[in-house]
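Read through the structure below, which is laid out as structure tokens, and then see the notes.
Values quoted throughout were computed directly from the atomic coordinates according to the rules given, and no laboratory measurement underlies them. Since the structure is predicted, the reported quantities are computational estimates derived from the model, not experimental observations. Quick reminder, even Gly has a Cβ in these numbers, built from the backbone with ideal geometry, and neighbours come from all protein chains shown.
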Amino acid sequence: MHHEIALISTIAVGLVYALIAGYVANRLRLPPLVGYLLAGIVVGPFTPGFVADAKLAPQLAEIGVILLMFGVGLHFSLRDLLAVRRIAVPGALVQVITTVVMSYGVSRLWGWSNGAGLVLGLALSVASTVVLLRALEIQGLLSSSSGRIAVGWLVVEDLFTVVVLVLLPALAALLTEQPISEASVNHGEWDLLLTLGIALAKLAGFVIFMLLLGARLLRWLLNRVAATASRELFTLAIVAAAIGIGFGVSEGFGLSFALGAFFAGVVVGECGHGERAAAELRPLQDVFNALFFVAIGMLFDPKILLREPFAELAVVAVIVLGKPAVTFLIMVLLRYPIRTALIIAAGLAQIGEFSFILAELGIGLHLLPADAQSLIVAGALISIALNSFLLRAARSLASRAGASEPREQASMV
């Protein structure tokens, strides 16, 4: 294959395989994301046949992450979060902590390091925004009280993960288990505090910049472009804002592309152009989301299922049994209806895009072993495939139990 056509061939073959596999998954009443991941496995280096460019695929996936995080920011509403804060904030944080503890305990049985156990737990604790929103939409639950609580829960998880992505590189030195002399302990602690302080200062500087200057400039630009009544220019402005701010944050503040795109989405959503931006960007998001999951699927080595079958079973058990059980218990203890508890527990019984981002970062920081990526991808495949069935089973179980959807539950939290 000529290097000159590597980009074209990777996009062309990736999209064709994603279309075929996504269509088959849809016919089997599975989320298309399952098909995209399978397409990535087919074009990956661990299976015979065409192999996509391993250097270009991650860059295409990065664009997918930027657009995904921009979309998350567009749908982020402080009002909606405040409306369900009494359940979403403590519930999400307790669920994340509990999942981390479970995953950490299991990973220690495999002989993994403290850092590996922590990163694995964080990766398994975060549900996929794409999967849950699509599932709630299909089930007609997005505007229900259960749907609003689930979305608020997701927002808290996403915000928590954004903070983790900022702090994890600074904590890597502490989490990496390397022998150090007693004479360098104090020096290492000061270095860690300095690194954490710099990371937090960069984050604070970026947030202040966006609130004081960036938001005004972006609002002014979008208002001017919208006044032209040109759909073409508006779409270009939105894409430029998402990718341009993501790149600028990475170069200027040393933070992640995803963080910049998220805040850009928040600003666009708050300045009155959120709905139009989401509608214009949706087709492009769908395309690059497909390429993102294809790129993730390329990292999966099917042999892991033969090498580490019990480890994979443990990962799946944490995702589809441990997390839902904890979530259900939290909801019940906070005196929420059984129906609401069942639906949210079932909806959160999966992992997705943030899990992959955390796994890649963990491997890049030498915290996670290479096999962890395949374990997490396999766990995502299985949990996403099961998610729609779990949601339907939860609704059926709630109906048989005589539970009904409370009309004003969201207003009482």
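Give a quick list of trypsin sites (Lys or Arg not before Pro) in the range 1-75 that DSSP marks as loop, anything other than H, G, I, E or B, with at most 15 other Cβ atoms within 10 Å.
Arg29, Lys55
Can you give the net charge of the other residues whose Cβ lies under 13 Å from the Cβ of Leu281, counting K and R as +1 and D and E as -1?
Net charge around Leu281: 0.
Given that compact globular proteins tend to follow 2.2 N^0.38 Å, what is the ratio of the alpha-carbon Rg of the range 310-407 to that value?
Normalised by 2.2 N^0.38 Å, the Cα Rg of the range 310-407 equals 1.25.
Net charge near Met69, counting Lys/Arg +1 and Asp/Glu -1 over other residues with Cβ under 12 Å of its Cβ?
-3
With a bin width of 10 angstrom, please list the P(r) values of the chain as percents of all Cα-Cα pairs, from the 0 bin to the one holding the largest distance.
5, 21, 31, 28, 13, 3, 0
Where the eigenvalues come from the Cα gyration tensor of the range 238-296, what are the semi-axes √(5λ) of the equivalent ellipsoid, largest first, in whole Å?
19, 18, 8
Over 31 Å between Cα atoms: which of Lys55/Lys323; Lys55/Lys303; Lys303/Lys323 fall into that group?
Lys55/Lys323
What residue among Ala226, Ala345, Ala385 shows peak mean-square fluctuation when the chain is described by a Gaussian network model with Cα springs under 10 Å?
Among Ala226, Ala345, Ala385, the largest GNM mean-square fluctuation belongs to Ala226.
Which value in nm describes the separation of the simple spin-label points at Leu217 and Lys303, placed 7 Å from the Cα toward the beta carbon?
With each label placed 7 Å out from Cα toward Cβ, I get 5.0 nm.
Anyone know which of Leu68, Leu281, Leu120 comes out most mobile in the 10 Å Cα GNM of the chain?
Between Leu68, Leu281, Leu120, it is Leu281 that shows the largest mean-square fluctuation.
Restricting to DSSP H runs of at least four residues, report the calculated mean residue ellipticity at 222 nm for the chain, -39500 (n - 2.57) per run over all residues, nearest 500 deg cm²/dmol.
So the calculated ellipticity at 222 nm is -25500 deg cm²/dmol.
Can you give the local net charge around Ile351? Use residues other than it whose beta-carbon is closer than 12 angstrom to its beta-carbon, Lys and Arg +1, Asp and Glu -1.
Overall, the nearby charge balance is -1.
So if each residue of separation counts as 0.36 nm, and I subtract the Cα-Cα distance between Ala226 and Asn114, what length gain in nm does that give?
Length gained, Ala226 through Asn114: 35.2 nm.
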